[in-house]
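Presented below is the structure to which this report refers.
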Amino acid sequence: MYHIIVNPASRTGKGKDIWADLEPVLVDRGVDYKVVFSKKPGHVIELVKDLSGYTLASSPNSKLKLIVLGGDGTMNEALQGVSDFDRVEIGYIPTGSSNDFARDLKLPNDPVKCLNNILDCKEPVTMDLGIMNFDSTSKQLSRMHEDKLIKHRYFDVSCGIGYDAAICEEALVSPIKKVLNKVGLGKLVYLCIALKQLFTTKLHNCTMTIDDETTIRLPNFLFAACMIHQYEGGGFMFSPNANYHDGIIDVCSVSNVSKLTVLKALPKAMKGQHFKYKGVDKYSGKKIHIETEEPLWVHTDGEVTMKSSSITVTCEQEKLQLLM
């Protein structure tokens with residue numbers, strides 16, 4: 001039995017149409033399945049929580065086989081609802097605007113081919129699962145998740161604090177994004193917001209501690225991206241050496257750089273060539289602790305819940321089981 005969760009709002013509202021193309025494949029192959037559609041931000045968390053709790057409790061020796069159709073944010077919500085990763089296998093059909101998870105895994109662009117690969121998979125591929133803890137919380141919650149205060153969040157691609165998260169937060173609630181998405185220009189929203197945030201963001205000092213041993217001071221801090229996979233933000237290769245099997249968090253941090261340098265470095269980041277600029281640095285470790293002078297926006301896989309001035313990021317090696 002496959003339990004399928006469809007985000008009908010993904011790919012600018014075409015998620016439901018994509019599902020209509022996929023359902024005949026399941027019928028033709030005689031696959032036993034149940035499907036449910038998400039209705040609002042945060043709903044996938046509740047759906048997976050219910051499925052995970054009921055299925056695993058009623059069948060102690062079984063595994064929950066879950067297929068998620070949506071974007072990186074939909075997949076991220078699904079992770080928050082899993083009660084036991086050792087007993088859940090997830091298939092992912094990417095239909096979002098960024099699809100950074102799928103990009104690094106080289107999943108097919110064709111949803112039908114993606115589904116067939118999931119159904120044909122005999123043994124899931126295990127990969128690292130990131131965990132981000134809010135050590136401090138802020139009263140300022142994201143407008144998309146203002147009723148969902150979660151202090152502990154999983155991620156499969158990346159989490160970040162500062163500039164990149166602020167872009168995500170504003171984009172999530174941008175009415176212009178919906179309009180441009182319909183004509184295939186949704187990424188222009190991110191570009192416009194990125195430029196705006198770059199020139200309006202107030203910089204603060206920051207410290208980053210790696211594996212409880214090495215503390216690095218980051219003056220005039222812009223952002224830090226803690227990566228399991230190579231890509232973030234719709235194709236920026238912030239961590240070209242990231243390996244999703246090694247149990248290591250790779251960090252791309254930007255601090256004490258001019259706005260002009262950022263404008264030069266961002267295009268280079270599409271090919272992972274941004275570290276040649278002073279102030280754009282890379283670090284790695286099993287545990288990353290970040291403290292900032294003021295609370296800043298934090299994201300996990302592009303999902304923003306609140307601001308924080310202190311977060312800790314760790315990684316569970318090969319914890320996530322993916323059907324692909």
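Overview of results
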item	result
Placed amide H near Thr95: partners under 5 Å, 5+ positions off or other chain	Gly70, Gly71
Relative contact order computed over the chain (Cα-Cα under 8 Å; 6+ residues apart), in percent	22
Ordering of 80-90, 195-205, 11-21 by burial proxy (mean other Cβ atoms within 10 Å per residue, highest first)	80-90, 11-21, 195-205
Spin-label model distance (nm) - Asn243 vs Lys39, 7 Å beyond Cα toward Cβ	4.6
More than 16 Å apart - percent of Cα-Cα pairs taken over the stretch 75-138	56
The stretch 20-148 - convex hull of the alpha-carbon atoms, volume per residue in Å³	145
Against the rule of thumb 2.2 N^0.38 Å, how large the Cα Rg of the stretch 262-316 comes out	1.36
Solvent exposure ordering (accessible area, 1.4 Å, most first) of Glu23, Glu169	Glu23, Glu169
Cα-based equivalent ellipsoid, the stretch 201-324: semi-axes from gyration tensor eigenvalues, Å	22, 18, 14
Residues whose placed amide H lies under 5 Å from that of Asp135, excluding near-sequence neighbours	Ser310, Ile311, Thr312
Note, ³J(HN,Hα) from phi for the stretch 97-111, Karplus 6.51, -1.76, 1.60, rounded to Hz, x at Gly and Pro	9, 9, 6, 5, 4, 5, 4, 5, 7, 6, 6, x, 6, 7, x
Relative contact order (%) - criterion: Cα under 8 Å, at least six apart; region: the stretch 193-282	24
Between the stretch 264-324 and the stretch 1-41, the alpha-carbon center distance in angstrom	31
Protection proxy ranking of 61-69, 211-219 - average other beta-carbon atoms within 10 Å, highest first	61-69, 211-219
Phi-based couplings in Hz for the stretch 228-242 (Karplus 6.51, -1.76, 1.60; Gly and Pro marked x)	9, 10, 6, 10, 8, x, x, x, 6, 8, 5, 10, x, 9, 4
Average accessible area per residue (Å²) across the chain - probe 1.4 Å, nucleic acids and ligands excluded	45
Separation of the Ala20 and Lys271 label points, Cα + 7 Å toward Cβ, nm	4.2
Cross-link table Lys39/Lys259; Lys14/Lys34; Lys264/Lys307, entries beyond 30 Å C-alpha to C-alpha	Lys39/Lys259
Distant alpha-carbon pairs in the stretch 1-96 (separation over 15 angstrom), percent	57
All-pairs alpha carbon distance profile, the chain, 20 Å steps from 0, percent	33, 58, 9
Acute angle (nearest 10 degrees) that the helix 15-28 long axis makes with the longest principal axis of the chain, alpha-carbon atoms	40
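The values are calculated or read from the model by the stated rules, or taken from the named source; none is laboratory data. Given the structure is predicted, the values throughout are model-derived calculations rather than measurements. All Cβ positions, glycine included, derive from the backbone under ideal geometry; neighbour counts span all protein chains shown. Accessible surface is based on the protein model in full, side chains and every heavy atom, while ligands, DNA and RNA are left aside. Shrake-Rupley method; radii C 1.70, N 1.55, O 1.52, S 1.80 Å.
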